[in-house]
Each structure stands twice: as C-alpha cells, then as structure tokens.
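The values are calculated or read from the model by the stated rules, or taken from the named source; none is laboratory data. In this text, all values refer to a predicted model and were calculated from it rather than measured experimentally. All Cβ positions, even for glycine, are placed from backbone atoms using ideal geometry, and neighbour counts span all protein chains on display.
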2 protein chains.
Amino acid sequence: MTPAQFREEGKKIIDWIADYYEDIEKYPVLSQVQPGEIIGSLPESAPQKGETMDAMMCDLDEKIMPGITHWQSPNFFAYFNANTSFPSILGDLVSSGLGVQGMIWATSPAATEVETRVLDWLAEMMGMPESFKSTSTGGGVIQDTASTAALTVVIAARERATQFQSNEKGLDKKLVAYISSQTHSSLEKGIKIAGIGKANLRLIDVDENFALRTDLLEKQIQQDKANGFVPFFICGSVGTTSSTAIDPIRELGEIAKQENCWYHIDAAALGTAMICPEFRHFIDGAELADSYSFNPHKWMFTNFDCNVFWIANREELINTFSILPEYLRNKATESGEVFDYRDWHIQLGRRFRALKLWFVIRHYGVEGLQHHIREHVRLAQDFKTWVDESEDFEVVVKPLMNLVCFRHKASDESNMKLMNTINNSGKMYFTHTKLKGQVVLRMNIGQTNIEERHVKEAWELIQETAKNLS
Amino acid sequence: MTPAQFREEGKKIIDWIADYYEDIEKYPVLSQVQPGEIIGSLPESAPQKGETMDAMMCDLDEKIMPGITHWQSPNFFAYFNANTSFPSILGDLVSSGLGVQGMIWATSPAATEVETRVLDWLAEMMGMPESFKSTSTGGGVIQDTASTAALTVVIAARERATQFQSNEKGLDKKLVAYISSQTHSSLEKGIKIAGIGKANLRLIDVDENFALRTDLLEKQIQQDKANGFVPFFICGSVGTTSSTAIDPIRELGEIAKQENCWYHIDAAALGTAMICPEFRHFIDGAELADSYSFNPHKWMFTNFDCNVFWIANREELINTFSILPEYLRNKATESGEVFDYRDWHIQLGRRFRALKLWFVIRHYGVEGLQHHIREHVRLAQDFKTWVDESEDFEVVVKPLMNLVCFRHKASDESNMKLMNTINNSGKMYFTHTKLKGQVVLRMNIGQTNIEERHVKEAWELIQETAKNLS
C-alpha cells in the first residue's frame, strides 16, 4: 500500500468510525451471536493472494459486527467503563503511525519523556502525594492493565521483603499478603504468579459497606506473625469491582507502615474521579502508599490499554526489574540521567502510549474532564433516587459514585431473568454481581457519550420489563 | 468532539501519517536530542481548558518529532525490526474505534473468535504442528510481548512441575530451568518473577554458531538431579537477539521429553520466516514443544503489540491462569463451548488485536508475505557478500537469515566509534552487540519499506566513514 492509497483507505476508515458512532444506538448493545457463529463464517485458511481493503471492510460489516458487544454505546451499563473518545483514538493512531519502540530512553527519547511529563501532570491533577512525581523519588509509568500493575507491585514487594534475594535465589520465606474479600481477582492472580501461593493470601472480611475491616486485619497479622509468617503486602481498594466499596485508606497505610508491609492502592476504576477535588477524601492517606494505580482506559476516555502506575521510590522498582543485555547498552542509560521504562515493568517492548493520554488531557482540559465525571456521578445519584422511590426495587448498597447496585424485590432467579430479558432485547446491557450471597444488578453509569435520556430510558425499560415478567 | 469533527480531524491525521512516510528518509534516523530536552519543552502542568487538535499537532511536529527515533525508516538497521505497515495501522484504528473488551468470549464474541481463527490460519501458514491449533488440544492467543509470553509459560511449567501446588501453596520445590547463554533476557526476567530465582536458571554454553550445546545441557541436568534439583523447563531459541543463532530444536525437544521438562520455543524475531517453507527446517522438531511464540510485531508488518503464542495443551494454561469472579459469570463460559482468553494470560482486559493481524494477512496474502521475507533475506545475504569481499571488514558469524554480524578489522573502540559516528550523522542507524567478548556490529535488514538502494547506501556509508576515521 502506497502513502497515496493509505490516504484514500485511511479516510474511508475514519468515515466508517464516524458512521459507527452516529449509528451506535441502532445496534443491539449485547451481541446476539451463538458460540461458533463468527468463526464459522470465516474461511478456514488464509488467502494466498492479497485482497482489497474493500473486501475486508465488507467482511467487517457483515461478519464481524454481529459479534461485537458495543462497549462504546451510551446504553452500555455493564461491568465497568472501557471508554474511548475521539481524541484518544486519534492519539493512538499517531502512535501506530510512528511505530516507535520506547523500551529504553535511547530508542525514542520522546516516548519516555512525554510519558514522564504527562504522568506528572496527572499526579498534580489528582492531588497525588509529591513522592509519586518524577521530580521526587518516585514517578509514573504506563502499564497495560491493572492486573499487570498488581503483579508488578507484588513482585517489587516480594523483593523488598526478601532483600532482593527471591530474584536471585528463589523464594524461601513464608510471606503473607492481605487484601479484602472484595478486592479484584488480579491480586490473587499476581500472588499466584509470584510463587507466594493463594494459601498465603489473606482475604479479610468487610463491613456493611463492603470495605475492609482493619480490626480483623490487625488480628490476622498478629496471628500470622505468631505462626512464623512474614506479612509483606497490603492492598487497599478505592472502588471495588462489585460495588465500588472504598477501603479505609489511611488506616491501612498506618498498619502497613507499622508492620513494614508494602502498601498498594488499587483505584483501577475509580481513580479518574480524583481529578475532582471533592472526591479526594476517598484517598486521604495516599501519601502512606508505596504504589498506586488506576485505569484511564476505564473512566478517563482513553482507549485500552492504558493503566497508570505510580511508585513512591522508583529505585525499588528498578532494582526489581532491571536487565541490561549488551545489545541495549548505550550512553544515555549509563549516564543515569534518563528513565528506561523497560525496568519499570514486565515487558521489554513498549509502544508510545502516552500520546493518547496527552491528546485526551489536552483536548478536554482539566475542567472538561471534571465536568464529565461530575455529570456521571449526578446521573448515578439520580438513578439511585428513582430506585429509592420505586416500590418494586431497592438499592442494596449506598452508591458512593457512579455505580448503583440494586435489585428487584424478588428472588435471585427473577432478578437474573429480568436482566437476561433486557440484555437479550439489545436495547441496553447491564450485568450482575453477588453481595452477601444475593444476586445484585449493577448499573454502571459513565460511558463517554452518555446523556440523561439514556439513563431515564434504561430505568423505564427495567421497570416495564419487571412488570411484564411478574 | 462530534463525529463530524472527528471526520475532519481524523482525515488530517491520516494525511499527516501519509506525509510522514513520504518524508521519512529526510529525518535523522536516530533522534539527536539530549536527555531532558523534550520534557523541558512541555508545560509543567496540564491545561485547565481544552485545546484544539491543531495546537496539539503543531506541538507534535515541533516538540515531539525531534525526539523520535524512526523505527519505520528504511534506513533503520538497529536492534530488531518493529515493523508496522499501512494495513496494520488501519486494522488497529478500527480496533481503537470499536473499543471493545475481549477479556472473555461473552464481552465481545468476535474479538475471541477472529483471534482463534487467525491464529489457526497462522499455524497452518507456518507449518506448525497440528496440536497447536484450536481444533486440536491446543490453540493460539495474542500476548503483548514475547517477555509476557515467556513469563506465562514459565508459570505454566512451574505449575505442571508442582501439580498446580505452587499457585495454591507457594513454591517450595527446587526447580531448575535451562536456557543458553544467548537466550533473550526475558527468560531470566520470567524466572525471577516466578519466584524460582536466577540461581536456578542454568545458562548453558554455546557452540561456534552460538547455538546451545546439548552435550553440556545433558551433563548439567544429570548433575542437577544428583544434587536434588528438579529440572522443569527448557527453552530453545529460533533466532537469538545478538546473532540470530538457532538452537538444535529437535534434540532439545527429545531431552525435554526424556527429562519431563516443559519445552518452549522462542522464535520472537525469526518466527515470521516460517511462512516460507524453505526455512522450516530451523524448527524441525517443533511438534515436541509444549509452547511456541513469535512476534508479528517484529518482522510481520504488524504494529506493536502483537506476540503470537501457541500452546499444545490449552488445559494446562487455563488451569494455571483461570479466575472466575461472580461479576464475570455467564452462560457461554459455563457451557465450556467458548475460549475465555483472560485465562490464557496474565492480563484480564484485552483489546481486539486480532483485527490488525487479519488486515495484514489478508492485505499481503501468504504469497505477499513470503515475497517480502525472501527479499529481506536476499538483501542480507548480498550485504554479507560485500563484507566478505572487502579487505577492511569481516563477517563474524555466518548470517542464517536477515541479520549480518560483522566488524571493522580494528579495535573494539574503533568499531564503536565507527558506529557512533554514522548514527550521529542521522543517515542510518545500526547497533552493536558482543560475541565472544568482542564488539560486533549488527545490520538487521527487514524494515517494511526497505529497498536494495538502502542497503547499498548503508554499506557505502560504513566503508567511507571507516576510511575517514582511520
């Protein structure tokens, strides 16, 4: 494909995407295909000869689109947000076009330095502790997902707890880690990968708001120490996946300091809200944390993948992950004046992901981002009020932010049937969880293009469907 | 930004990218900036108000571009290829536009099923063993990088060796792994992360072609067993990073079977060549492997990130990484009829990366891909002949494929000076390694848009610069 052909084909695809967003509400939000339908529609072998872009785009429309669940539809209320936005798509497009490797500073200095600067911007925008800035002892790095960030920090904590001997000699201490029963599954996955073992991960029970109970944590730590275990890691969640519960961030930090544990704050879904000063009380005590992560690719209008991960003492991270094969040796690295981000995470290769974040922040501006976050929270609180006012539904846990956990006053089966009936209609898509053993419906309100009418129509549809089912 | 504005801004960026590729040879290949230059040119705080795309694109040109090293320039011969191509950029653009999450089948069935089908295509295109196909016991999955693939497989191997007890109780066996002294650093990183410890990773010495010596491997295994260690993992490289050495794939597989070790083949850079049947003798014995990975984001014209990872027995992978929190429960998963790719790797979230691979394979066709690979190998062999014919330079190791390791017949310092002088001129960019303690210059020939003239001019520049320096 020549540049001239790329101009032509590229513009067609830009139009295709614009058309998609103009028509997005016409698609069934949840894909209605059955297992095997898509794969069965595709040839069994790759073509021998090249094909035209027109042929590919035609297949995209006819064969692929029926298998898409429309995460960017304003009628998508499921799971969590995975927002994109036009400026983000364009920033990512520039990154694809440049096609540079930012594994070390020397392989494309701008990829590293823009990332460092943009993550310092974000730290400031969110009222993060000074230590998380690159100008202090710490700094930020973009990871692909919060799962990888969680694994990264578990490994760094393991190395701190073993004086970097696990990397060298293998793990031989009885380390134990502490999370709540509501903490994201990625922490369990990280603990397993790190060789620590699920049996050495303590799931501390939660209070009535599904926040970690520090009294139980302290008791468990004392018991573990008495049994010869070494507590090494505590994770506090700012917004659990099931119900947006918020752990007591300061108290956890104080316990972590006292017990010499690494303290990580996982704010994957909710972190974006810290752009608004009125929500920062949720992270009061963040200055006690060793690390903090959140996902702009959830609520901050930045397309996947883009997790932001800050560390208070970057030396610990670099000492954990540093490698330097001969073929990557260079003057800049040896001078110590630059960051080589490959030493801040698991991967070696890395794309110029900071560009999309730079585009998003500059396009919206701090005030624009604040506006959208506040609007989403307002819509969720409206929805909560409507549920409160209805006779047939109830709110299960007070919604702190933009997720409303509620249920039809009926059996678990009825609630699942209600949800599945609505989802199968294609008109909207929402999902469930279990809290205290009970099925709970989740309305997650925060899609990039959501307006009040979408939330109102969703509530009407839920009520109407419930009536028809009963 | 409205869809109408996106049409306008998007088309400008398509033109910007086309212009970039038309002008790419005018840029200095290696960025000439000093540490801190880029970051110093950017504001210290994020803007409060939103800015225009024009302002951002202007900063991109003026502030960012000087900090870019041009990996997509046909005069880029450094490190390894990190090729992109126009069809790949467009496939990735569609993926950004759709913005779907493919973490499980149910969250967007097409994202899973296109990936499964395209990886089966690739397995067939490359003469992979039947067991690697989804229609058999195995299957393929896209990982971000070969580093992550390496970690994934180390963990799966650890679990096999400990009857899945390390995940549960933590690692308490004395496991040992085997690679060569030339194997990629990602294996060492994976072994450390897995809690096995660098001390339990044996770096087996290599022969005169820098391939792993199986006689030394067998000796080491026997010695380890006698000392109470449990051998659990062997990695064979098809194309080492330094010199494209190829380990004895079949022999390693036989030893692995005999010693009950997991056998992984790392073909990160060279794997693409298997599209051409005449190169498949390099992977003779691949049917003995438990897993295999290569990077379409290196030599296969697919932009980063896109590592392809095949496994012979997917159950082992799924049993290692599976998680199922309540909020992700769904009918399709419970039916067992679908793949949930989150259980095939470390991350939970995943973007629709198969689209770009689908675009690339269909655009080029198998024959088109073969044509480019053969052309790159031919150009590298020509370069090798020119070096052989010169009096002042020598080939250090016979180039098997598209990487030529050579040196000026002079001191290490002279070779480094030669390389740095050329790189600082901006006319081309190539890098070095050390083989047998000696500095070696590397010409990696395989950029998407490379033509014969680029290789000829590079060789002339190298000769001329050497003359001027001596």
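Residues in the stretch A:322-364 that are touching a helix residue (DSSP H, G or I) at 6+ places or on another chain (Cβ under 6 Å), surrounded by fewer than 20 Cβ atoms within 10 Å (Cβ to Cβ) and either assigned to a helix (DSSP H, G or I) or facing chain B (nearest Cβ under 9 Å) (or both): A:Ile323, A:Pro325, A:Asn330, A:Ala332.
Residues that are part of a helix (DSSP H, G or I) and in contact with a His (Cβ under 9 Å, 6 or more places away or on another chain) within the stretch A:365-395 comprise just one, A:Leu379.
Per-residue answers, yes or no, for (1) at pLDDT 95 or above; (2) among the charged types (D, E, K, R); (3) crowded, with 24+ Cβ neighbours inside 10 Å:
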| site | (1), (2), (3) |
| --- | --- |
| B:Ala18 | yes, no, no |
| B:Leu30 | yes, no, yes |
| B:Gln34 | yes, no, no |
| B:Pro43 | yes, no, no |
| B:Glu62 | yes, yes, no |
| B:Gly67 | yes, no, no |
| B:His70 | yes, no, yes |
| B:Thr84 | yes, no, yes |
| B:Leu98 | yes, no, yes |
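Examine the stretch B:159-180 for a residue that is assigned by TED's automatic domain parsing to the domain that holds B:Ala256, part of a loop (DSSP other than H, G, I, E, B), within 25 Å of the chain's Cα centre (by Cα) and hydroxyl-bearing (Ser, Thr, Tyr), and state whether such a residue exists. For the stretch B:159-180, residues assigned by TED's automatic domain parsing to the domain that holds B:Ala256, part of a loop (DSSP other than H, G, I, E, B), within 25 Å of the chain's Cα centre (by Cα) and hydroxyl-bearing (Ser, Thr, Tyr): absent. Say whether the condition of being touching a residue at least 40 places away in the same chain (Cβ under 8 Å) and farther than 27 Å from B:Tyr79 by Cβ is met by at least one residue in the stretch A:327-339. No, the stretch A:327-339 contains no residue that is touching a residue at least 40 places away in the same chain (Cβ under 8 Å) and farther than 27 Å from B:Tyr79 by Cβ. The residues in the stretch B:250-268 that are surrounded by 24 or more Cβ atoms within 10 Å (Cβ to Cβ) and either among the β-branched types (Val, Ile, Thr) or not assigned by TED's automatic domain parsing to the domain that holds B:Ala150 (or both) can be counted, and the count is 1. Of all the residues in the stretch A:86-116, those that are within 7 Å of chain B (Cβ to nearest Cβ) and either within 30 Å of A:Ala18 (Cβ to Cβ) or free of Cβ contacts under 8 Å to residues at least 12 places away in the same chain (or both) number 16. Listed by position, the helices (runs of 4 or more DSSP H) contained in the stretch B:1-111 that have at least 2 residues being closer than 27 Å to A:Val29 by Cα and either outside the structural domain of B:Lys331 (by TED's automatic domain parsing) or touching a Leu at 6+ places or on another chain (Cβ under 9 Å) (or both) are B:3-23, B:86-98. Tell me, which residue of the stretch A:403-445 that is charged (D, E, K, R) and surrounded by fewer than 16 Cβ atoms within 10 Å (Cβ to Cβ) is farthest from A:Tyr27 (Cα to Cα)? Taking the candidates together, the pick is A:Lys436. All conditions in (1) more than 20 Å from B:Gly127 (Cα to Cα); (2) free of Cβ contacts under 8 Å to residues at least 40 places away in the same chain hold for B:Thr320, with the sole exception of (2). Per the conditions (1) without any contact (Cβ under 8 Å) to a residue 24 or more places away in the chain; (2) basic (Lys, Arg); (3) more than 7 Å from chain B (Cβ to nearest Cβ), the sole criterion not satisfied by A:Lys12 is (1). Selection within the stretch B:137-170: residues that are surrounded by fewer than 24 Cβ atoms within 10 Å (Cβ to Cβ) and free of Cβ contacts under 8 Å to residues at least 60 places away in the same chain. The member of this set that is farthest from the other protein chains (Cβ to nearest Cβ) is B:Gln163. Pairs are defined by a Cβ separation below 9 Å, a sequence spacing of at least 6 or placement on different chains, a first member in the stretch B:430-454 that is more than 12 Å from chain A (Cβ to nearest Cβ) and in contact (Cβ under 8 Å) with a residue 12 or more places away in the chain, and a second member that is part of a strand (DSSP E or B) and hydrophobic (A, V, I, L, M, F, W, C); the pairs so defined are B:Met443/B:Leu403; B:Met443/B:Val404; B:Met443/B:Cys405; B:Met443/B:Phe406; B:Ile445/B:Leu403; B:Ile445/B:Val404; B:Gly446/B:Leu403; B:Ile450/B:Phe76.
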